[in-house]
Structure formats: structure tokens, C-alpha cells
């Protein structure tokens, strides 16, 4: 099954506490994962930032909503138990919980008021719907960031295709230097912007000392790059007695090309247009920061009294 939303997690979270015992959040997470029969892959899935698990994040927000509605309480850090109000809710025979139900409690109403921005649109108007959002706040932020990043990647590729082949070759070396190859930009690349030698557009040092070299093929293609082009590049590498190469294109690779590159002894890394744009964004090549937002959370250690 798919990973449950934070709303789906609220009722089983509360129901597991109905015996009145105190339970740590880690145990509750394990119980919910079993309740929803999540696979190891689903439990390990991360938010786009790679910092937090999707399921852990949703369980965390289920806990927050239940606590804000005073259905559960935390007698000490990381440990939770049901309140008398929570027991009363279960006694009603409800089978699910959501914000609409929790809004009957004044504590949750206050939480909702405090969560709304003082000016500007409400969350429901941002989604174009009056229904409760399925995503947690972190997921909404990260999904919006991914959308902006994907649009930027498309714009980068379009810009690259409008530039000259020589500029593209220089761009590739600039990116590899930013990634830590070749030392300084001045001595990083050789034969860039020239006619190439047997299908090689450039050479870059693998490290600052130049203990090894990486040969580069940089091509602005519109269609998919097939196996024959990779074979030509590998042949050029062998002619130079080279062991490592990077083939970079603005388009994509055929499955046959990718399979071939993975089977040969020569180490050839294939970078397609999407990967190229992603690396350019990550290493600030051809892009600049338009705005920066920092998401903060409570530092629980700060409030620990000796």
C-alpha cells in the first residue's frame, strides 16, 4: 500500500494509547508501520531533501495534531499517553480523525488560528480547494521547491542549447572544477574548444596533483544518444590509454547505450541533460540564489534544566 497521510495516522495513533500506558514515539511509529503493513522501502522513503523519512514526518504531524487537540499529552520528552478527552473520543466510536473533527476543541481552534498567516492567502486558497491538505507542511514546502527546481532545470537546458558548442565545453569543465576535479579553473582543462582528438573534447585532472586524468565528451544533442556514440568515445579512450571518461549530453541515452557503458572495463560515466542541470544547480554553475528560507525547529536540549 502507499504511505498513509498524517490524517490516516491520527486515529490508529490514538487508538494504540487507549490502555492508558505511556509509550515512546519510536514504539508508536513501529506500531503504525505494522498497522499499515508498510514495506521496508516505504518505511525508508525520504522527503526530497533526504533529511527526514516521509512516514516519520507524517507520524510526527499526527502526534502534533492530537496533542494540540488535547487528546494526548506528553508527560516527558518523547513519551505520550492518552488523555480523558482522548478516551471520550474513542468511546464515541469514531473510525477516523481529521482537522474538521478536531476543530470542535477550543485548544485546536487556537492552534489553527495561530498557524494562519496574518496576511496573504490561506493554505486552502493556495491549493485551490477548501478541503484539508493531504501533505504535511514540510512536504508542501519541499514539493514547491522541487517544482521550482524542475522548472529551473528546463530553463538551464534551453539556455545551454542556445549557446555555442565551445561555450558548452567550457561550461562542462567549469562544473567539474566546482565538483572538486582539476584543482583551479586555469589548469583544469586541456584542449577545450578545439577540434577534439578522436572524439575527445577535453581532458581534466582527477585531482589537484594530476595523478590521473579524465577524458570528456560534451555534446549538445536533441535526440537520444545511442550505443554507437558511446562505443566511439570508448575507442578514443583506448587510443589514449585512458581508463576514465565522462560523456555529457543535453539530451538522454538509450537503454542500449546505458547498458553498454555499465558492462565495459573502461570506466565511463554518462550524464544526461536532467542530471547535468541538477549538478549545475547543486554546484551553482550558471545559477544564482534568488531567495533563501530556513526552516527551524525547537532545540529540546536548550530547554533541559540541569
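The values are calculated or read from the model by the stated rules, or taken from the named source; none is laboratory data. Keep in mind that this is a model prediction, so the values were computed, not measured. All Cβ positions, glycine included, derive from the backbone under ideal geometry; neighbour counts span all protein chains shown.
Collect the residues in the stretch 61-94 that are in contact (Cβ under 8 Å) with a residue 24 or more places away in the chain and under 20 Å from residue 135 (Cα atoms), keeping them in residue-number order.
61, 62, 63, 65, 66, 68, 69
Looking only at helices (runs of 4 or more DSSP H) that fall completely inside the stretch 5-47, which ones have 3 or more residues that are surrounded by 13 or more Cβ atoms within 10 Å (Cβ to Cβ) and more than 23 Å from the chain's Cα centre (by Cα)?
Qualifying helices (runs of 4 or more DSSP H): 6-15, 25-35.
Could you list, in sequence order, all residues of the stretch 247-267 that are surrounded by 19 or more Cβ atoms within 10 Å (Cβ to Cβ) and under 18 Å from residue 169 (Cβ atoms)?
Keep residues of the stretch 247-267 that are surrounded by 19 or more Cβ atoms within 10 Å (Cβ to Cβ), which gives 247-250, 253, 257, 260-261.
Within the stretch 247-267, 247, 248, 249, 250 meet the criteria.
Here are the criteria: (1) part of a loop (DSSP other than H, G, I, E, B); (2) at negative phi. Tell me which single one residue 50 does not satisfy.
Condition not satisfied by residue 50: (2).
Just give me the residues in the stretch 62-93 being within 32 Å of the chain's Cα centre (by Cα), part of a strand (DSSP E or B) and more than 22 Å from residue 110 (Cα to Cα), in sequence order.
Residue satisfying the conditions is 79 alone.
Within the stretch 97-172, which helices (runs of 4 or more DSSP H) (wholly inside it) include 1 or more residues that are exposed (fewer than 13 other Cβ atoms within 10 Å of the Cβ), out of contact with any helix residue (DSSP H, G or I) (no Cβ under 8 Å at 6 or more places or on another chain) and at pLDDT 90 or above? Working first, answer last.
Details: elements: 99-102, 106-115, 123-127, 137-161.
Result: 99-102, 106-115, 137-161.
Go through (1) modelled with pLDDT under 85; (2) more than 28 Å from residue 156 (Cβ to Cβ) one by one and return the number of the condition residue 265 breaks.
(1)
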